[in-house]
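Engineer: What follows is a single structure, and I will ask about it in a moment.
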Amino acid sequence: MRTDSTRISEVAREAAKKYIEDIYGKEYYENRYYKTKQDSQDAHEAIRPTYIELTPDSIKSSLTNEQYKLYKLIYNRFISSQMANAIYDTIAMDIEAGEYNFKSNGQKLKFKGFMTVYVEEKDAESEKELPLLEKGEEVKKEKIEPKQSFTEPPPRYTEASLVKTLEENGIGRPSTYSPTITTILERRYIEKEQKQLIPTALGKVVNDLLINSFRDIVNVDFTAEIEEEFDDIAEGKKEWKNILRTFYKPFEEELKKAQEELEHVELEEEVSDVQCEKCGRMMVVKYGRYGKFLACPGYPECKNAKPLIETIDIPCPKCGGKIQIKKSKKGRKFYICENNPDKNCDYISWNKPKK
């Protein structure tokens, strides 16, 4: 479902105006129009209540608890979207202590505006009040908590942060985000560890090949640019044959070059510490339909293969046995004791156990 529209009808706008002015007062109403993102496809209105007079509390008895909560969320967000801004008094404080200078910022709510109806959790937590102080007033130290900070690399993408980045760059649509993540997981370009998406060796090789071979296509601006050209075609400003011709000729050459280079790309095999009991070679890690497994590098002369059981160096918190890493059908890692269930240990967890 495409739910990225912020457009509402004039009938709904007038109904919201009357309701806000009657219930809260004229100062709480503000005629608002929200711009739709350039790359969104909003062939519908925003999700909103059909009848303003049907307030959540007036129909609560006819709804289940879940239905009531959902309707109240939609109703309150819609009403608040047509209300005036909240107004804060902001305070900035500088405290001198010898050669050091401490800063503190706070704010106090002066006019609630839309927050009368709807408040995000982050907005509720952001209000920090400072005590009233006069310039030159002496303050007493209660305690100082020193904290050392180090520069950290940017965190890996999670599914949520990846979708947010795709939205910000205009790549794909809401209906394509989930299939995109599912595809790169199934093709083993990434692995999911806890909530993080980690690129595999195969994923890095494919990524480098695509970037080096198709620089014009594999970039964040391509989707937005091609959408603009499609719009120009629809409005009669450009001929679709010319656009296809301009795109396809250089693409065809890049494709041939990439196919030639692909023949020479080899993914370095990961050698394990397990010796093949049939021919004595050190077995290598392979990827199959159900994940990693061990195979003899002497194939096809030696066809020996066996499951790869990954373990961690932390003992089972219940029985002291080895903890094995396994994957669910959806590719999510979990941790299970080697004695589960054969030796009466029931330890199993989504989270990595701690020492």
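Engineer: Hey, what D do you get for segment 309-355 in µm²/s if you plug the Kirkwood alpha-carbon radius into Stokes-Einstein at 25 °C and 0.890 mPa s?
Structural biologist: For these conditions, the coefficient is 231 µm²/s.
Engineer: With a ≥ b ≥ c the root eigenvalues of the C-alpha gyration tensor of segment 200-268, is it rounded (a/c under 1.5), prolate (a/b larger than b/c) or oblate?
Structural biologist: oblate
Engineer: Given Lys103/Lys147; Lys103/Lys164; Lys143/Lys355; Lys69/Lys112; Lys147/Lys318, which pairs have Cα atoms separated by over 27 Å?
Structural biologist: The answer is Lys103/Lys164; Lys143/Lys355; Lys147/Lys318.
Engineer: Scan segment 253-355 for chymotrypsin sites (Phe, Trp or Tyr not before Pro) in coil per DSSP, keeping those whose Cβ has at most 11 other Cβ atoms within 10 Å, and list them by number.
Structural biologist: Loop-located and lightly packed - Tyr290, Trp350.
Engineer: Another question, then. Could you pull out every residue, at least 5 positions away or on a different chain, whose amide H is within less than 5 Å of the one on Ile171? Hs are placed 1.01 Å off N in the peptide plane, and Pro or chain starts have none.
Structural biologist: Counting only residues 5 or more places away or on other chains, the set is empty.
Engineer: Ranking Phe247, Phe114 by Cβ neighbours within 10 Å, fewest first, what do you get?
Structural biologist: So the ranking, lowest neighbour count to highest, is Phe247, Phe114.
Engineer: What is segment 87-126's relative contact order, in percent, from Cα pairs under 8 angstrom and six or more apart in sequence?
Structural biologist: Relative contact order here is 39 percent.
Engineer: Listing Thr200, Thr64, Thr246 from the residue with the fewest other Cβ atoms within 10 Å to the one with the most, what is the order?
Structural biologist: Thr64, Thr246, Thr200
Engineer: Let me ask something else about it. Kindly provide the GluC sites (Glu not before Pro) of segment 223-312 that DSSP labels as loop, not H, G, I, E or B, and whose Cβ sees at most 10 other Cβ atoms within 10 Å.
Structural biologist: Passing both the DSSP loop test and the Cβ count: Glu235, Glu263, Glu266, Glu268, Glu277, Glu301.
Engineer: Here is a follow-up. Arrange the following residues from fewest to most other Cβ atoms within 10 Å of their Cβ: Lys60, Lys103.
Structural biologist: Least crowded to most crowded, the residues run Lys103, Lys60.
Engineer: Using only the alpha-carbon atoms, what does segment 87-126 span along each of its principal axes? Please give whole angstrom values in decreasing order.
Structural biologist: Reported extents, whole Å, longest axis first: 46, 18, 6.
Engineer: In segment 150-201, which chymotrypsin sites (Phe, Trp or Tyr not before Pro) fall in coil by DSSP and have 10 or fewer other Cβ atoms within 10 Å?
Structural biologist: Hits after loop and neighbour filter: Phe150.
Engineer: Report, ordered by chain and residue number, the aspartates and glutamates lying within cross-link reach of Lys195, taken as a straight Cα distance under 13 Å and ignoring same-chain residues fewer than 8 apart.
Structural biologist: Excluding near neighbours in sequence, the set is Glu159.
Engineer: Just the C-alpha atoms of the chain: what Rg/Rh do they give, with Rh taken as the Kirkwood radius?
Structural biologist: 1.07
Engineer: Also, quick follow-up: Considering the Cα positions of segment 154-197, please state its Rg to one decimal place and its Dmax as a whole number of Å.
Structural biologist: 10.4, 27
Engineer: Right, next: Just to be sure I understand the model, the point goes 7 Å from the Cα along the line to the Cβ. What's the resulting Thr64 to Leu130 distance in nm?
Structural biologist: 5.0 nm
Engineer: Now, a different point. Using the eigenvalues of the Cα gyration tensor, what equivalent ellipsoid semi-axes result for segment 73-184 when each is taken as the square root of five times the eigenvalue, whole Å, largest first?
Structural biologist: 40, 26, 10
Engineer: Of Ala15, Trp240, Ala97, whose Cα points farthest to the positive end of the dipole of the chain (charges on the beta-carbon: +1 Lys, Arg; -1 Asp, Glu; origin at the Cα centre)?
Structural biologist: Ala15
Engineer: I would also like to ask the following. With +1 on each Lys and Arg Cβ and -1 on each Asp and Glu Cβ, how big is the dipole of segment 157-267 about its Cα centre, in debye rounded to the nearest 20?
Structural biologist: 260 debye
Engineer: Using Cα positions and a limit of under 21 Å, work out the lysines in reach of Lys278, with same-chain residues fewer than 8 apart set aside.
Structural biologist: Result set, ordered by chain and number: Lys286, Lys292, Lys303, Lys306.
Engineer: Ok, one more. Between the helical axis of 201-213 and the dominant principal axis of the chain, each derived from Cα atoms, what acute angle in degrees is found, rounded to the nearest 10?
Structural biologist: So the helix axis and the longest Cα principal axis differ by about 70 degrees.
Engineer: As a test of the formula, what do you get for the chain when each DSSP H run with n ≥ 4 contributes -39,500 (n - 2.57) and the sum is divided by the residue count, at 222 nm and rounded to the nearest 500 deg cm²/dmol?
Structural biologist: About -10000 deg cm²/dmol.
Engineer: Something else about it: Assigning unit charges at the beta carbon (Lys, Arg +1; Asp, Glu -1) and nothing else, what dipole magnitude in debye, to the nearest 20, does the chain show about its Cα centre?
Structural biologist: Approximately 1620 debye in magnitude.
Every read-out reported here was derived from the displayed coordinates using simple, explicitly stated rules and does not represent laboratory data. Owing to the predicted nature of the structure, the values given are computational and were not obtained by experimental measurement. Ideal geometry is used to build each Cβ from the backbone, glycine not excepted, and the neighbour counts take in all protein chains shown.
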